[in-house]
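*Asks:* Questions regarding the structure given below will be posed in turn.
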Amino acid sequence: AKPCRGVLTATRPAPQPRRNYRRATFLTALPKEELLRLTQDYLDNPSPDWWAEDFVFRGPVIGPLVKKDIIETLEAVGNDLKVAFPDLEMNVFGLTADDPIEANRVWYFQRSRGTFLGPFRHPTMGVIEPTGAKYIAPPEARSVIFNDEGKIVYQSVGYVVDRFTGDTTGGRGAVFGQYAVMGQEIDAGVGSPATILLQRLTNLLPEGMVPKSYSKVEDLPEWWTDRRMGAEA
C-alpha cells in the first residue's frame, strides 16, 4: 500500500535539490541529531567562526550579505545594540530539522524581549538616549543551513509569523524591531519603495560610512543565484 501523504514515517526522505545551493560538495544530509546539536551550539555561542567562506546572510529586506560584510555590520552596530539593550533575551524555541525539502536546514522560532536602557550610537543620527521603552518583538522564524563540514552556509532571520501578539515594534522583526523601539521606525515591508531607495542611496556612500544593506553582486558566492537585493520584491 502507498503511504498517505503528510503522515510522518520513520524513513527520512532523500534530500531534494535546493532552491539556490549548488555546491558539488553538498551531497548528503547530516543526521538530524547532529544538525540540532550544531544549531544549539551556534545559538549558545554565536561567532563568525561558524560561517563557511561562502556564507550568505538574508532577511526579508536586508541582504544578501556575504561573510565579510555581515561581520562589518555586526562590528558597526552589534556592540552598540548590546549596550542599548543590556537585558536582551532571545527566547529561541522550536528547533526542527524536519524540513522535507532542504535536509540540512534547521528552522526555529524566536520571541525577543528587552529594555532600551543604554545609549545607542546611530550610524547617521548620532547618539540616541535611552528611554526605558520595552522591546517586545513579535514571533519570528529563522533558519540555518549547514554544509557537509558542519559549517553554516546560509542564515535567514526576521520573518515575522504573527504580528498580532502585542509587540512594541509595529510588527517589525530582527534589528528593525529594536530600531523602532528607539524611535527609528523604518519601513520593513518587502517591496517598500522608500526602503529600496534608501538602501540604494546608502550603498553609494563611501565604504564603511554606514552598514551595508546588501553585498555587491560580484562578491556573492556562485551558489547564490537570486538577484533580488535588499527590500526588492
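*Asks:* Taking the Cβ of residue 196 as the center, what net charge do the other residues with Cβ under 15 Å away carry, scoring Lys and Arg +1 and Asp and Glu -1?
*Replies:* Result for the local shell: +2.
*Asks:* Report, in degrees rounded to the nearest 10, the 0 to 90 angle that the Cα long axis of helix 193-202 makes with the longest principal axis of the chain.
*Replies:* 80
*Asks:* Which of the peptides 204-211, 114-121 is most tightly packed, and how do the rest follow, judged by the mean count of other Cβ atoms within 10 Å per residue?
*Replies:* 114-121, 204-211
*Asks:* Give me Rg over Rh for the chain, both radii from the alpha carbons and Rh done the Kirkwood way, two decimal places.
*Replies:* When Rh is taken as the Kirkwood radius, the ratio is 0.98.
*Asks:* Hey, what did the chain get for relative contact order, percent, Cα under 8 Å, at least 6 apart?
*Replies:* Taking the mean separation of contacting Cα pairs over the length of the chain, I get 22 percent.
Any read-out appearing in this document is the output of simple, stated calculations on the displayed coordinates, not a laboratory observation. Model, not experiment: these values are computed from the prediction. Positions of Cβ are generated from backbone atoms using ideal geometry, with glycine treated the same way; all protein chains shown enter the neighbour counts.
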